[in-house]
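A.B. asks: Got a structure for you, questions after.
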Amino acid sequence: MRFEYAPAPESRAVVRLRDSYGLFIGGSFVSGSSVFKTISPATEEVLAEITLGGAEDIDRAVAAARHAYERVWSVMPGRERGKYLFRIARLLAERAREFAVLETMDNGKPIRESRDVDVPLASAHFFYHAGWADKLGYAGFGPSPKPLGVAGQVIPWNFPLLMLAWKIAPALACGNTVVLKPAETTPLTAMLFAEVCQQADLPPGVVNIVTGDGGTGRLLAGHPGIDKIAFTGSTEVGKEIARQCAVSGQRLTLELGGKAANIVFDDAPIDQAVEGIINGIFFNQGHVCCAGSRLLVQESVAGPLLDALKRRMATLRLGDPMDKNTDIGAINSRPQLEKIESLAASGEEEGAERWSAPCPLPDRGFWFPPTLFTGVASSSPIAREEIFGPVLTVTTFRTPDEAVAKANATQYGLSAGVWTSKGSLALELASRLRAGVVWANTFNRFDPGSPFGGYKESGFGREGGRHGLEAYLDVVATDVAGTLVAGDV
Ligand code: NDP
């Protein structure tokens, strides 16, 4: 049954949009040579003019970061660095509503998600890493682990503020300085974060933000003054960066795509599993690298589960992302919508059966209805490629072995979900699934203390938790030092 809701729009009044934004270099906003526009994907309205960072801007930003690294940040005691991180965390929490509204305007995600997930988690990430800043000697990487230097960080558009927090918080806690490039379509919360850095009195040059397009990202990733590159985005670009680093010797972590299996056994509580499947694939319009985009259902319960899933999908509310009742917001950009449409069309051409929730799509903006495919051949592009949209493929299995074989038959290995009432089965599968994160009877749960990352073409390195610190510390050098100390004893 579908309930009608009165509209409950969030007010935009809390956000003070500027007409144009400069680059944040050396603690100040500076202009660049050219600009582009960022739009709201829900209305196609132009929100602001953004500076397109070029080679000179990247040079300036890297120089500012190097200066701050050598003179201030790397020599500052960890307990002092921690205070800045705490301050940033608190400011993010205090200005949470402003960040949530701006994120939803620029990205198209429902305000419910930016308010309840993106912004609180971003703040939590800074709180968590603030706690590490003066305890790095106890993290298991030697008695006095050293930072790497200047980190170049390139992030995508699906969780703009949260990915910024995942990148900047551990880097700063470990004593590195950063140059970050946000995605072309979602630069606004990064610019608001730059204001927070000023408000927190962060020393100039510790955080530098250079907006721009893929070319700007390439310039940053290829800059010889960068000691470490952290990239989240497509596998294709990740491979390009990995090739560069193989020659330059720069340290690298890659968090790339995924094609996660969400596996439902016949003893799982069906209603709970349906909610988990919905959350797994329709959260953030499916623009989630760890989305549960491949549903594997035990054959004996496939019929009732699919009926329940379609009933639930039909109640999802798609539309104005600023409305607090909205479940499914806008697709982030026209190119991404075209990619989803083309992959969905290829699924139909290959004979898979498509079912989309019967929801009206707004006239303006970029929209795609929650969709599932049954009868999907495992060789089909919709079963293999990351669609990065609200599209679920459904396959059945009979035995746990078959479920594991099908789940692992992908070039990706980022996440997986298991739904069963048997703890032993969940644990056994967790050990056999080639995925960096395995959720049992839940999906898409994130915590700053829990490491996240992939196998195979999903990338390498971990973000979050104690493991995530390793990516920003000179672990090789400290291991050697640690061995020498142990040898002396
Ligand atoms: P990209 O990998 O192109 O973008 C990710 C980030 O890298 C953006 O900031 C982008 O800048 C930048 N970038 C682009 N080209 C280069 C380059 N050669 N060197 C350095 N940085 C670069 O992803 P797209 O936005 O094009 O999305 C394409 C597909 O990638 C999606 O459909 C999805 O399948 C996948 N994807 C996966 C993500 C994940 O979290 N794993 C996140 C985003 C996308 P700009 O935005 O300015 O182009």
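The values are calculated or read from the model by the stated rules, or taken from the named source; none is laboratory data. No experiment lies behind these values; they were computed from the predicted model shown. Backbone-built Cβ (ideal geometry, glycine too); neighbour counts: all protein chains shown.
A.B. asks: Of the numbered conditions (1) more than 16 Å from the ligand (Cβ to nearest atom); (2) within 16 Å of the chain's Cα centre (by Cα), Thr420 fails exactly one; give the number of that condition.
C.D. replies: (2)
A.B. asks: Can I ask one more? Scan segment 230-245 residue by residue and report those that are within 9 Å of the ligand (Cβ to nearest atom) and farther than 24 Å from Asn107 by Cα.
C.D. replies: If the condition is that a residue be within 9 Å of the ligand (Cβ to nearest atom) and farther than 24 Å from Asn107 by Cα, then Glu240, Ile241, Gln244 are the ones that fit.
Residue by residue, here is whether (1) in contact with a Leu (Cβ under 7 Å, 6 or more places away or on another chain); (2) within 18 Å of Gly205 (Cα to Cα); (3) touching a residue at least 12 places away in the same chain (Cβ under 8 Å); (4) not hydroxyl-bearing (Ser, Thr, Tyr) holds:
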{"residue": "Ser114", "(1), (2), (3), (4)": "no, no, yes, no"}
{"residue": "Val119", "(1), (2), (3), (4)": "yes, no, yes, yes"}
{"residue": "Ala124", "(1), (2), (3), (4)": "no, no, yes, yes"}
{"residue": "Tyr128", "(1), (2), (3), (4)": "no, no, yes, no"}
{"residue": "Gly137", "(1), (2), (3), (4)": "no, no, no, yes"}
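A.B. asks: Please specify each residue of segment 253-267 satisfying the condition of being surrounded by 24 or more Cβ atoms within 10 Å (Cβ to Cβ) and away from the ligand (no atom under 16 Å from the Cβ).
C.D. replies: Ala261, Asn262, Ile263, Val264 - these are the residues of segment 253-267 that are surrounded by 24 or more Cβ atoms within 10 Å (Cβ to Cβ) and away from the ligand (no atom under 16 Å from the Cβ).
A.B. asks: If you don't mind, another one. Based on this model, can you work out whether Pro381 counts as within 16 Å of the ligand (Cβ to nearest atom), farther than 20 Å from Val418 by Cα and modelled with pLDDT under 95?
C.D. replies: Spelling it out, Pro381 is indeed within 16 Å of the ligand (Cβ to nearest atom), farther than 20 Å from Val418 by Cα and modelled with pLDDT under 95.
A.B. asks: Between residues in segment 380-395 that are free of Cβ contacts under 8 Å to residues at least 60 places away in the same chain and residues that are away from the ligand (no atom under 13 Å from the Cβ) and of a type in the set (Gly, Ala, Ser), which pairs lie under 7 Å by C-beta distance while being six or more apart or on different chains?
C.D. replies: Ser380/Gly347; Ser380/Ala352; Pro381/Ser346; Ile382/Ser346; Ile382/Gly347; Ile382/Ala352
A.B. asks: So, one more: Mind checking which pairs have a first residue in segment 222-237 that is of a type in the set (Ser, Thr, Tyr) and a second that is within 7 Å of the ligand (Cβ to nearest atom) and not in a strand (DSSP E or B), Cβ under 6 Å, 6 or more apart or different chains?
C.D. replies: Close Cβ pairs satisfying both conditions: Thr232/Ile155; Thr232/Pro156; Thr235/Leu256; Thr235/Gly257.
A.B. asks: Scan segment 393-410 and tell me whether some residue there is small (Gly, Ala, Ser), within 16 Å of the ligand (Cβ to nearest atom) and part of a helix (DSSP H, G or I).
C.D. replies: Looking through segment 393-410, none of the residues is small (Gly, Ala, Ser), within 16 Å of the ligand (Cβ to nearest atom) and part of a helix (DSSP H, G or I).
A.B. asks: Taking Leu296 as meeting all but one of (1) closer than 24 Å to Leu188 by Cα; (2) buried (at least 22 other Cβ atoms within 10 Å of the Cβ), write down the number of the exception.
C.D. replies: Of (1) closer than 24 Å to Leu188 by Cα; (2) buried (at least 22 other Cβ atoms within 10 Å of the Cβ), only one is false for Leu296: (1).
Conditions tested, residue by residue: (1) among the acidic types (Asp, Glu); (2) closer than 22 Å to Gly217 by Cα.
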position: Glu45; (1), (2): yes, no
position: Glu49; (1), (2): yes, yes
position: Pro77; (1), (2): no, no
position: Lys83; (1), (2): no, no
position: Leu92; (1), (2): no, no
position: Gly108; (1), (2): no, no
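A.B. asks: Next up: Name the helices (runs of 4 or more DSSP H) wholly within segment 113-224 that hold at least 3 residues that are within 24 Å of Gly329 (Cβ to Cβ) and away from the ligand (no atom under 16 Å from the Cβ)?
C.D. replies: Hits in segment 113-224: 119-132.
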